[in-house]
Amino acid sequence: MAAPPDMELSPTLSLELLPTDPLLLILSFLDYRDLVSCCYLNRRLNQLSSHDPLWKRHCKKYWLISEEEKSRRNQSWRTIFISTYSDLGRYIHYYATLKKAWDDLEQYLGQWCPRMISSLKESVREEDLDAVEAQIHCKLPDDYRCSFRIHNGQKLVVPGLMGSMALSNHYRSEDLLDIDTAAGGFQQRLGLKQCLPLTFCIHTGLSQYMALESVEGRNKYEIFYQCPEQMARNPSTIVMFITGTSYLEWFTSYVNKVVTGGFPIIRDQIFRYVHDKDCVATTEDITVSVSTSFLPELSSVHPPHYFFTYRIRIEMSKDALPENACQLESRYWRITNAKGDVEEVQGPGVVGEFPVISPGKVYEYTSCTTFTTTSGYMEGYYTFHCLYNKDRFFNVTIPRFHMVCPAFKVSTA
């Protein structure tokens, strides 16, 4: 029995009959993995998936390939993606983020710390990283390996890429270790079992470590400064001041702080002072701002001794009248710890000096303090006298600034 005319089946819609442009538009929304899968479905999709402009987005997204680099390499976008993937494919979820961080850092250093550029080392090969894993009998995280495919850390020089800190009798400058030096410092001793150094200071011997396994109370890939437990009977007991939860987070957050001006550049070095933008006070024509830093190498958890340094900037407005020039006479501090205990300090000058401030002039100095609690704050004022009216004295507010110890853990060793 024949089917009624209104029930006759319409012709099967074939992929071969669909127009090319809508199909290319659909394919343009696919990720690289789905685009590759389409190559194996049929001849038509294989041809369309090989359309070169489709691979431009993936080259830029995952490998940061620019138009200029494509022209220099004289290859198609698809060929570039495939060849790069064959070399760096295991890092595809990390490479763009780390490459951008390194590029941003190099550009910034070229402008502000040019001599540091020459200390950066070229990338390493996959087999070099595999050899290190065989040497230490431990797997390296892919984000860490990926960074070394871009730059193999730096030479052991001063200043260090990972920041400096200086007081009158103390100096620290941390280098980012190359992979061979890091492997040479791999730890298997109690208290630092399976920990790999990421940085090193040739002045203090200080390193930041990454835990390659979850042992002795550490989380896998956690990054920290070590601090010996001074009151423990076991000298291998290590307290950790935590600085990162993964290499990617640790490195990119540091670079972001550097390139956005979060750390000051002093004498061609990156100083790791943190400035709270709200920590500024203006009295008449004088502005006081403060930045702070925690020093783990001078701190301990048991006994509680948390060491902080602060940098103060005193500036007179360039629009001030010349007769407003003045000299710092004395200082007053009110220091409060986390328990609410208050200490008051008064004295002449600052760090043994009596700076003169005039329109447009800046005076900066560094000092330090310690707390028996993990946090505290300071505030106060400076007393100035006018140079052109020596009978006039006035107080300049120092804004309240807080100091907080980073999170820490006690080792189970």
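The values are calculated or read from the model by the stated rules, or taken from the named source; none is laboratory data. Model, not experiment: these values are computed from the prediction. No Cβ is skipped: glycine too gets one built from the backbone with ideal geometry, and neighbour counts run over all protein chains shown. In case anyone asks, the SASA skips ligands and DNA or RNA and just uses the protein heavy atoms, side chains included. Shrake-Rupley method; radii C 1.70, N 1.55, O 1.52, S 1.80 Å.
Here are some notes:
- Rolling a 1.4 Å probe across the protein heavy atoms gives the chain an accessible surface of 51 Å² per residue.
- Taking all Cα pairs closer than 8 Å and separated by 6 or more residues, the relative contact order of the stretch 146-291 comes to 15 percent.
- Within straight-line cross-link reach of LYS257, aspartates and glutamates at Cα separation under 13 Å, skipping those fewer than 8 residues along the same chain: ASP104, GLU249, ASP276
- Pairs with C-alpha atoms separated by more than 30 Å, drawn from the list LYS100/LYS139; LYS70/LYS220; LYS61/LYS139, are LYS70/LYS220.
- Each other residue within a Cβ distance under 11 Å of LYS220 adds +1 if Lys or Arg and -1 if Asp or Glu, for a net charge of 0.
- Counting Lys and Arg as +1 and Asp and Glu as -1 over every other residue whose Cβ lies under 14 Å from the Cβ of GLN154, the net charge comes to -3.
- Pair ILE82, VAL351: separation of 7 Å Cα→Cβ label points (nm): 6.1
- In order along the stretch 137-143, phi translates into HN-Hα couplings of 6, 8, 7, 8, x, 5, 5 Hz, rounded to whole numbers, per the Karplus curve 6.51 cos²θ - 1.76 cosθ + 1.60 with θ = phi - 60° and x for Gly and Pro.
- Applying both filters, DSSP loop and at most 16 other Cβ atoms within 10 Å, to the trypsin sites (Lys or Arg not before Pro) of the stretch 196-266 gives LYS220, ARG233.
- Mean separation of Cα contacts under 8 Å (6+ apart) over length of the chain, as relative contact order %: 11
- Across the accessible surface of the chain, with the other protein chains kept in place and a 1.4 Å probe, carbon and sulfur atoms take up 52 percent.
- Charge context of LEU64, other residues only, Cβ under 11 angstrom, K/R +1, D/E -1: +2
- Whichever aspartates and glutamates have a C-alpha closer than 17 Å to that of LYS318, once near sequence neighbours (fewer than 8 apart) are set aside: GLU284, ASP285, GLU364
- Evaluated at q = 0.06 Å⁻¹: base-10 log I(q)/I(0), Debye formula over Cα of the chain: -0.39
- Comparing Cα centroids, the stretch 37-68 and the stretch 218-292 end up 43 angstrom apart.
- Taking every alpha-carbon pair under 8 Å whose residues sit at least 6 apart, the stretch 249-360 reaches a relative contact order of 18 percent.
- Range in the chain, longest, excluding exposed GluC sites (Glu not before Pro) [loop by DSSP; at most 16 other beta-carbon atoms within 10 Å]: 285-413
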